[in-house]
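Enquirer: The structure under discussion is supplied below as C-alpha cells; questions concerning it will follow.
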Amino acid sequence: MLPTLFEVARFRRELNDVFTLELTPPAGAFPFRAGQFNMLYPFGVGEAPISISGDPDRPERLIHTIRAVGAVTEALERLRPGDGVGVRGPFGSAWPVAEVEGMDVVFVAGGIGLAPLRPAIHQVLANRTRYGRVVILYGARSPEEILYRAELERWSGRLDTYVDVTVDRASPGWAGNVGVVTRLIERARFDAPNTAAFLCGPEIMMRFTVEALNSAGVEDRRIHASMERNMKCAVGFCGHCQFGASFVCKDGPVFRFDRIRSRFNVREL
Ligand SMILES: Cc1cc2nc3c(=O)[nH]c(=O)nc-3n(C[C@H](O)[C@H](O)[C@H](O)COP(=O)(O)OP(=O)(O)OC[C@H]3O[C@@H](n4cnc5c(N)ncnc54)[C@H](O)[C@@H]3O)c2cc1C
Ligand code: FES
C-alpha cells in the first residue's frame, strides 16, 4: 500500500515535546474507527505508526497527537501548514464502543495514551444516553505534562461524566491528586459486573490498572488495552509487530485483555 499525500492544515503545540498535526484528507473525508492508527511518512525520513486522535464523526479532520522521540517523530514535528506528509491507513482494530452500549465505561489513560482513547471518548459522550456511568481517569508525570487540559476540564464540567486526574510529581501551585493513576480506580464508583474498561498508556501502567480493575470486580474480558510495538508494513506482512501469535498491526492495537493476559508483560515477545 503506497502512502497518499496529505497536506498539513494545522500544527498545534500541546506540550514541550508533544504536538498535534491536523491533516486535510484529499478525498474530503477519511473514515476511521476509534482506536485505529495511520502510518505517517515525513518524506525521506521513514514511517511511524500514530493513532488517530480526532473525532470519528468528523472524518474531514484527520488528527494525530505525537510525542517527538526520534528521527521520524522529530521530522513530523518540523512540519507546518501547507507541507505534505505521506499517510497510509487507517489500520488495526478499534475500541468496541458500540458493543459496550448499556454498560458503565471506564477510560484509564497514562501520558500520551489519552490521544488514542480520545476518539472513543468523543463517541461515548456524543451518545451519552446509551451508556451507564462514564469515568475518565488520567495520569500524567507532572502538571506541565497534562495533555488536552482544556478538554479534560470541559469533560469534567459535564454533570454526566466523572473525570479524575493525577500526577506522579506535583509542582508549585498544583492542588490536585499526586500518585499513580491506579489509585483513582479505588474511589471511582462504577457497577463492576456491568463495566467495560478501555486502557492506553505504558505497559507497566496498564498492568497495574488491570490488577486494580480486577480487584474492583471487572473481568478481563471486559477490559480492552491498546498495545504498541515496532512496525514496518502495518498490514500483517513483515512480522515486526509480532506479539506472540498475534500481529499488533492487524489483530490489534486494541486487544481484549483475556486474549492477551498470558503474553502481557513478557519482554521481547
Ligand atoms: C499502534 C501504535 C500507535 C501509536 N500511536 C502513537 C501516538 O498516537 N502518538 C505518539 O506519539 N506515538 C505513538 N506511537 C509510538 C510511535 O509510533 C513511536 O514513538 C515512533 O515510531 C517513534 O519513531 P521515531 O523514529 O521518531 O523514534 P525511534 O528512533 O524509533 O525511537 C527513538 C527512541 O525513543 C524510544 N521510543 C520509541 N517509541 C517510544 C514511545 N512511544 N515512548 C517513549 N519512547 C519511545 C525508542 O525506544 C528509542 O529509544 C504508536 C505506536 C503504535 C505501535
Ligand atoms: S508491522 Fe509488519 S506485520 Fe505488523
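Enquirer: State which residue is nearest to Leu117 (Cα to Cα) when the search covers only the stretch 191-221 and only residues that are out of contact with any helix residue (DSSP H, G or I) (no Cβ under 8 Å at 6 or more places or on another chain) and open to solvent by 10 Å² or more (accessible area, probe 1.4 Å).
Expert: Glu203
Enquirer: Out of all the residues in the stretch 15-36, which are open to solvent by 40 Å² or more (accessible area, probe 1.4 Å) and within 15 Å of the chain's Cα centre (by Cα)?
Expert: Arg33
Enquirer: Which ones in the stretch 209-231 are under 30 Å from Leu40 (Cα atoms) and hydrophobic (A, V, I, L, M, F, W, C)?
Expert: Matches in the stretch 209-231: Ile223, Ala225, Met227, Met231.
Enquirer: Looking only at strands (runs of 3 or more DSSP E) that lie completely in the stretch 7-119, which have at least 2 residues being within 16 Å of ligand 2 (Cβ to nearest atom) and within 26 Å of Arg149 (Cβ to Cβ)?
Expert: The qualifying strands (runs of 3 or more DSSP E) are 37-41, 48-51.
Enquirer: Among Arg67, Arg61, Arg80, Arg33, which is the only one that is out of contact with any helix residue (DSSP H, G or I) (no Cβ under 9 Å at 6 or more places or on another chain) and closer than 19 Å to Leu117 by Cβ?
Expert: Among Arg67, Arg61, Arg80, Arg33, only Arg61 is out of contact with any helix residue (DSSP H, G or I) (no Cβ under 9 Å at 6 or more places or on another chain) and closer than 19 Å to Leu117 by Cβ.
Enquirer: With the requirement that a residue be near ligand 1 (Cβ under 8 Å from one of its atoms) and loosely packed, with under 15 Cβ neighbours inside 10 Å, what does the stretch 67-103 give you?
Expert: Val69, Gly70, Ala71, Glu74
Enquirer: Criterion first (under 21 Å from the mean Cα position of the chain (by Cα), away from ligand 2 (no atom under 13 Å from the Cβ) and either on the phi < 0 side of the Ramachandran plot or open to solvent by 10 Å² or more (accessible area, probe 1.4 Å) (or both)) does Val235 satisfy it?
Expert: no
Enquirer: Still on this model: Which residue pairs have Cβ atoms under 6 Å apart, sit 6 or more places apart or on different chains, and have a first residue in the stretch 224-239 that is touching a residue at least 12 places away in the same chain (Cβ under 8 Å) and within 30 Å of Glu211 (Cα to Cα) and a second that is away from ligand 1 (no atom under 13 Å from the Cβ) and open to solvent by less than 20 Å² (accessible area, probe 1.4 Å)?
Expert: Cβ pairs passing all conditions: His224/Phe198; Ala225/Leu199; Ala225/Met206; Ala225/Phe257.
Enquirer: For the stretch 104-129, enumerate the residues that are open to solvent by less than 40 Å² (accessible area, probe 1.4 Å) and either in contact with a Lys or Arg (Cβ under 6 Å, 6 or more places away or on another chain) or within 14 Å of ligand 1 (Cβ to nearest atom) (or both).
Expert: If the condition is that a residue be open to solvent by less than 40 Å² (accessible area, probe 1.4 Å) and either in contact with a Lys or Arg (Cβ under 6 Å, 6 or more places away or on another chain) or within 14 Å of ligand 1 (Cβ to nearest atom) (or both), then Asp104, Ala109, Gly110, Gly111, Gly113, Leu114, Ala115, Pro116, Leu117, Arg118, Pro119, Ala120 are the ones that fit.
To keep it simple, each residue is scored yes or no on (1) more than 10 Å from the chain's Cα centre (by Cα); (2) among the β-branched types (Val, Ile, Thr); (3) at pLDDT 95 or above.
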{"residue": "Arg88", "(1), (2), (3)": "yes, no, yes"}
{"residue": "Trp95", "(1), (2), (3)": "no, no, yes"}
{"residue": "Val100", "(1), (2), (3)": "yes, yes, yes"}
{"residue": "Met103", "(1), (2), (3)": "yes, no, yes"}
{"residue": "Gly113", "(1), (2), (3)": "no, no, yes"}
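Enquirer: Which one is farthest from the chain's Cα centre (by Cα), of the residues in the stretch 37-62 that are of a type in the set (A, V, I, L, M, F, W, C) and under 18 Å from Ala120 (Cα atoms)?
Expert: Checking each candidate, the answer is Leu62.
The values are calculated or read from the model by the stated rules, or taken from the named source; none is laboratory data. Worth saying up front: this structure is predicted, and the values here are computed from it rather than measured. Glycine also receives a Cβ, built like all others from the backbone with ideal geometry; neighbour counts cover every protein chain displayed. When the accessible area is computed, the model is the full protein with side chains, heavy atoms only, and any ligands, DNA or RNA have been set aside. Shrake-Rupley method; radii C 1.70, N 1.55, O 1.52, S 1.80 Å.
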